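Quick note: the coordinates plus some simple rules give every number you see, no bench work behind them. The structure presented is a predicted model; accordingly, all values stated were derived computationally and were not measured. Note that each Cβ is placed from the backbone with ideal geometry, even for glycine, and that neighbours are counted across all protein chains shown.
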There are 2 protein chains.
Amino acid sequence: MTAQDQFSAALGDAAVAVEATMTDLLTPPDPAAPLLWQAMRYAALSGGKRLRPFFVLQSAQLFGVSDQPALRTAAAVEMIHAYSLVHDDLPAMDDDDLRRGQPTVHRHFDEATAILAGDALQTLAFEVLADPATHPAAEVRAALVAALARASGAAGMAGGQMLDLSAAGTDWDAVSVQQLQSMKTAAMFAVACESGAILGQASDDQRAALRAFGVNFGLAFQITDDLMDVTGDAGEAGKAVGKDAAQGKATLVELQGVEGAREIAARFCHNAVESLDLYGDKADLLCEITRRITDRRA
Amino acid sequence: MTAQDQFSAALGDAAVAVEATMTDLLTPPDPAAPLLWQAMRYAALSGGKRLRPFFVLQSAQLFGVSDQPALRTAAAVEMIHAYSLVHDDLPAMDDDDLRRGQPTVHRHFDEATAILAGDALQTLAFEVLADPATHPAAEVRAALVAALARASGAAGMAGGQMLDLSAAGTDWDAVSVQQLQSMKTAAMFAVACESGAILGQASDDQRAALRAFGVNFGLAFQITDDLMDVTGDAGEAGKAVGKDAAQGKATLVELQGVEGAREIAARFCHNAVESLDLYGDKADLLCEITRRITDRRA
């Protein structure tokens, strides 16, 4: 099998396994509010590349973590990502009708259901992590909760979304845009990678290396996403293009031009790969996904 | 000091102490998204009786838990309550302009900010509980997260709100209404009381007794709230009255009439007090608040 085949297979296998775990966690026996669970499943099980869970699984594998802890943690991280998409799509936020070609949760159900489904997906993510089924060591479970909460809360993803919303119509410099993208996008990739190290009860250095990888990957990922909004077609991007500029969102592409942004993304990719030096060959797939992200073959 | 003075002083002291802890947790140094934190503070620090935190502190006191763990846990429980009010008030949900006489978060800021502030308050609650500053034993921290997530998620508070929204215009029986209120209201009172037992590393029986107290108190509390909507004036209720009936919400008052509902509330109060038998005199203040709740002098 070529490296490329191996990579595609690993990404596909991860998506299938994580979706099975999420389906299980999102299908309680005899639920009292079945419509809410239906909306949660609609939000969380509607496809996507499952990149963040892939990173959880890959980083857990570096420490020989067994399947159940890795998959439950990957599912929790993806539930947080899914909740954020549901709320970001709401009319009061980005006002999107489609997500991955399907009606968004508030279009398929209604706004109240979408708000509650997002809320309850967030709650479930922390419930899953705190459950002894995720890891026998309470120290690990509490550390997973703390790390995911920091990454997704006001100092991370939610704070980044707040800055993004207030970016429209204001002047931004490159430093501020990078701060915003560190919070909005990179923090979740960083915690995905870090979670494997937490599950593996890794050393501080090992954990810091995976965090650094995730931050750099996340920043490169966001820039290539912004590049696709400018240069791509809707089919390739999987969503409407040209929308960021129309909404006046702050991106490095706006500030540095297409070539400038490509160079910055390449630098973050280089830094990401370099962060994993201490893992040697074992981190090959993580390096491979990083190389692909700049030209978006991933 | 009379029992009544002692009770009022304890409730007031708890509110002051919990608000100081929340203010501290909601005022990070040099935040990257200051407007989001401002909205979170507006949502969480706008008054209220702080009943749920009072229950955390009172139940923690039964086991001699020290101040910092009890106050941080109380603050986390109140942050979840605060987030739920912010989202419940949104136009797509209950569409309320006022909360405790002040403009609701989405009226004072805007809808997007209100959604994100609610989201980030929820996240912060779990971050606070998972933090070693809340308790040295990771087993306790993980158990607090698990219990609060169960109580507030799709099988608890959020699921109850979903049922409440879908109740309008449908026929409900008393059993279904009680199920809804167990989830929407009683689950959070139950976890507030249970949290003290978790912090105190209490026996299963001690923990179950506090849970049972919280469930029964919560059900009585909800019925008296519904009674006030029918019989009270806006000043006494602290909010617009007659709104539940106008919205076709499912309440026991609608189903059983005012006298019938009063009797059921009295029975829950009786059960609540009885649940605490094993604590003897030490639970006097918890019993006192229960006696007051039926005539809403609390």
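Please report the base-10 log of the normalised intensity I(q)/I(0) for segment B:74-207, using a Debye sum with one equal scatterer per alpha carbon and no solvent, at each q in 0.13, 0.15, 0.19 (1/Å).
The computed values of log10 I(q)/I(0) come out as -0.62, -0.79, -1.09.
Whole-Hz ³J(HN,Hα) for each residue in segment B:12-19, computed from phi via Karplus 6.51 cos²θ - 1.76 cosθ + 1.60 with θ = phi - 60°, x for glycine and proline: what do you get?
Once rounded to whole Hz, the list reads x, 4, 4, 4, 4, 5, 5, 5.
How many lysine pairs does the protein assembly as shown hold where the Cα atoms are under 21 Å apart and the two sit 8 or more places apart or on different chains?
Counting lysine pairs in the protein assembly as shown gives 12.
Using Cα-Cα distances under 8 Å and only pairs 6 or more residues apart, what relative contact order does segment A:92-234 have, in percent?
Working: 124 pairs, mean separation 24.7, N = 143.
Computed value for segment A:92-234: 17 percent relative contact order.
Compute the distance in nm between two label points, each set 7 Å from the Cα along the Cα-to-Cβ direction, one at A:Asp204 and one at A:Glu139.
Each label point lies 7 Å from its Cα, and together they span 1.4 nm.
Only Lys, Arg, Asp and Glu count, each charged at its Cβ (+1, +1, -1, -1), so figure out the dipole size of segment A:1-135 about its Cα centre, rounded to 20 debye. Show your work: numbers first, answer last.
Values: 8 positive and 18 negative charges, 70 e Å.
Computed about the Cα centre, the dipole is about 340 debye.
So for segment A:3-295, what are the equivalent ellipsoid semi-axes in whole Å, largest first, each being the square root of 5 times an eigenvalue of the Cα gyration tensor? Numbers along the way, then the final one.
Details: eigenvalues 147, 130, 57 Å².
Semi-axes from the Cα gyration tensor: 27, 26, 17 Å.
Please give, to one decimal in nm, the separation of the simple spin-label points placed at A:Val175 and A:Asp284, each 7 Å out from Cα toward the Cβ.
Going from the A:Val175 label point to the A:Asp284 one covers 4.2 nm.
Comparing B:Ala265, B:Ala138, B:Ala197, which has the greatest mean-square fluctuation in the GNM of chain B with Cα pairs linked when under 10 Å apart?
Per the Cα network of chain B with a 10 Å cutoff, B:Ala138 tops the list.
Dividing the convex hull volume of the alpha carbon atoms of the protein assembly as shown by its residue count, what do you get in Å³ per residue?
Working: hull volume 84.9 nm³, N = 596.
Convex hull of Cα atoms, per residue: 143 Å³.
Could you list B:Ser275, A:Ser152, B:Ser59 in order of exposure, starting from the residue whose Cβ has the fewest other Cβ atoms within 10 Å?
Numbers: B:Ser275 24, A:Ser152 31, B:Ser59 34.
With the sparsest Cβ surroundings first, the list reads B:Ser275, A:Ser152, B:Ser59.
Per residue of segment B:108-113, what does 6.51 cos²θ - 1.76 cosθ + 1.60 with θ = phi - 60° give for ³J(HN,Hα)? Whole Hz please, x for Gly and Pro, Karplus curve as stated.
Karplus-based 3J(HN,Hα) across segment B:108-113 equals 6, 9, 8, 4, 4, 5 Hz.
Kindly state, to the nearest 0.05, the FRET efficiency for A:Asp277 paired with A:Ala9, given R0 = 22 Å and r defined as their beta-carbon distance. Before the final figure, lay out the partial values.
Working: r = 25 Å, r/R0 = 1.15.
So, using R0 = 22 Å, E works out to roughly 0.30.
Return a whole-number percent for the relative contact order of chain B, with Cα pairs under 8 Å and 6 or more residues apart as the contact set. Please list the in-between numbers first.
Working: 426 pairs, mean separation 52.4, N = 298.
Over chain B, the number comes to 18 percent.
Give the share of C-alpha pairs in each 5 angstrom bin for segment A:117-171, from 0 to the last occupied bin, in whole percents, shortest bins first.
Whole-percent P(r) values from 0 Å outward: 4, 18, 19, 20, 14, 10, 6, 4, 3, 1.
Rounded to the nearest 500, what is the 222 nm mean residue ellipticity of chain A from helices alone, with -39500 (n - 2.57) per DSSP H run of 4+ residues and division by all residues? Don't skip to the end; give the middle numbers.
Numbers: 15 runs with 210 residues, N = 298.
It lands at -22500 deg cm²/dmol.
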